[in-house]
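Written below as structure tokens is the structure these notes are about.
Coordinate-derived values only; no laboratory data. This one's a predicted model, so the numbers in the text were calculated from it and none came from an experiment. Here Cβ is always computed from backbone atoms with ideal geometry, including for glycine, and neighbour counts include all displayed protein chains.
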Amino acid sequence: MTLTFDDLLTRARSLSRDGRRAVLGIAGSPGAGKTTLAEHLVRELNGAGEPWVAHVPMDGFHLADVELDRLGRRDRKGAPDTFDAAGYAALLRRLHEETGDTVHAPGFERVLEQPIAGAIAVEPTARLVVTEGNYLLLDTGAWARVGPQLDEVWFCELDEPERLRRLIARHEQFGKTHDQAVTWVLRSDQRNAQLVASTRDKADLVVPGAALPVPQEPPAARADA
């Protein structure tokens, strides 16, 4: 049977039982559509009523550039050791345990390419939290603490040429030239993508490209396509 986006909505809705807060993780390689899927799920599940689903991306736990410079990792930004994995795992634990209080999470400003502290508020009314990022299924170092805090993890699997096209277009959208975007994708993003792909079989569900919503791209990117 072909998996559809409506099937994903039904499955996500079923995760929160008996008023308990659940955390759904969405993993996948860079450019695979994780954020687009998360945003569509949250919008459709919340509908026009009181919001009961929150979106907390992993990207808020990027280390700031000043710290990456100190560590000598700026040229590998986006690799597993350029995130605060322990902090991310601790936040997920708080989201499970502190359901009676507002929990603030960091966001990520793509124009600045910097994390922003306290940018996302998860209210006590949230019964489902959707979180997404590359390394949710990684089991090395502090990343191993993430998996136990997730009720389910879905893996986005997009056709490789389309994933690369979207990824290059995204880098261009946020300021890189085409050549700079291609170079960064082939040098850095692809290395990370191979690592992420190796975690695919640990997911509870693999979401094929046909079930993934299509992102809204800027006019320039659509014209280039």
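Would you please classify the overall shape of the stretch 5-213 from the alpha carbon gyration tensor, given that a ≥ b ≥ c denote the square roots of the eigenvalues, rounded means a/c under 1.5, and beyond that prolate means a/b larger than b/c while oblate covers the rest?
On the way: a/c = 1.67, a/b = 1.33, b/c = 1.25.
Judged from the Cα gyration tensor, the stretch 5-213 comes out prolate (a/c at least 1.5, a/b above b/c).
Going 7 Å from the Cα of residue 97 in the Cα-to-Cβ direction, what parts of the stretch 146-182 have a backbone nitrogen less than 13 Å from that spot?
149
State, as an integer percentage, the relative contact order of the stretch 5-213 based on alpha-carbon contacts under 8 Å between residues 6 or more apart.
On the way: 346 pairs, mean separation 68.6, N = 209.
33 percent.
Pull out the extension gain between residue 43 and residue 86, defined as 0.36 nm times the separation in residues minus the alpha carbon to alpha carbon distance; nm, one decimal.
Details: separation 43, 0.36 × 43 = 15.48 nm, distance 2.87 nm.
Stretched fully, the residue 43-residue 86 segment lengthens by 12.6 nm.
Could you list the residues of the stretch 84-115 with an amide nitrogen less than 20 Å from a label point located 7 Å from the Cα of residue 66 in the Cα-to-C-beta direction?
From the stretch 84-115, the list is 84-85, 87, 106-115.
Mind listing the phi-derived Karplus ³J(HN,Hα) values for the stretch 156-167, rounded to whole Hz, using 6.51, -1.76 and 1.60 with θ = phi - 60°, and x for any glycine or proline?
Computed from phi, the couplings for the stretch 156-167 are 7, 10, 9, 3, 4, x, 5, 4, 5, 4, 5, 5 Hz.
What list of ³J(HN,Hα) couplings, whole Hz, do you get for the stretch 109-121 from phi and the Karplus terms 6.51, -1.76, 1.60, once you set θ to phi - 60° and write x for glycine and proline?
Per-residue couplings from phi come out as 8, 5, 5, 7, 6, 9, x, 10, 5, x, 7, 10, 10 Hz.
Using 7 Å Cα-to-Cβ label points, what is the residue 17/residue 140 separation (nm, one decimal)?
So the label points at residue 17 and residue 140 sit 3.5 nm apart.
What 222 nm value per residue comes from the helices of the chain, counting each DSSP H run with n ≥ 4 as -39,500 (n - 2.57) and dividing by all residues, nearest 500 deg cm²/dmol? Display every interim value, and only then the final one.
Values: 8 runs with 78 residues, N = 225.
Helix-only estimate at 222 nm: -10000 deg cm²/dmol.
Please give the length that would be gained between residue 182 and residue 152 if that part of the chain were fully extended, namely 0.36 nm times their separation in residues minus their C-alpha to C-alpha distance (nm, one decimal).
Values: separation 30, 0.36 × 30 = 10.80 nm, distance 3.32 nm.
Length gained, residue 182 through residue 152: 7.5 nm.
So what's the gap between the Cα centers of the stretch 181-217 and the stretch 13-39, to the nearest angstrom?
15
In sequence order, what are the phi-derived ³J(HN,Hα) couplings for the stretch 124-132 according to the Karplus relation 6.51 cos²θ - 1.76 cosθ + 1.60 with θ = phi - 60°, rounded to whole Hz, with x for glycine and proline?
Ordered by residue, 3J(HN,Hα) equals x, 6, 6, 9, 9, 10, 9, 10, 9 Hz.
List the residues whose amide H sits under 5 Å from the amide H of residue 26, counting only those 5 or more places along or on another chain, with H placed 1.01 Å from N in the peptide plane.
Distant-sequence amide H within range of residue 26: 131, 132, 133, 154.
Among DSSP bridges having both ends in the stretch 90-225, what percentage is antiparallel? Round to the nearest 5.
Values: 6 of 10 bridges.
Of those bridges, close to 60 percent are antiparallel.
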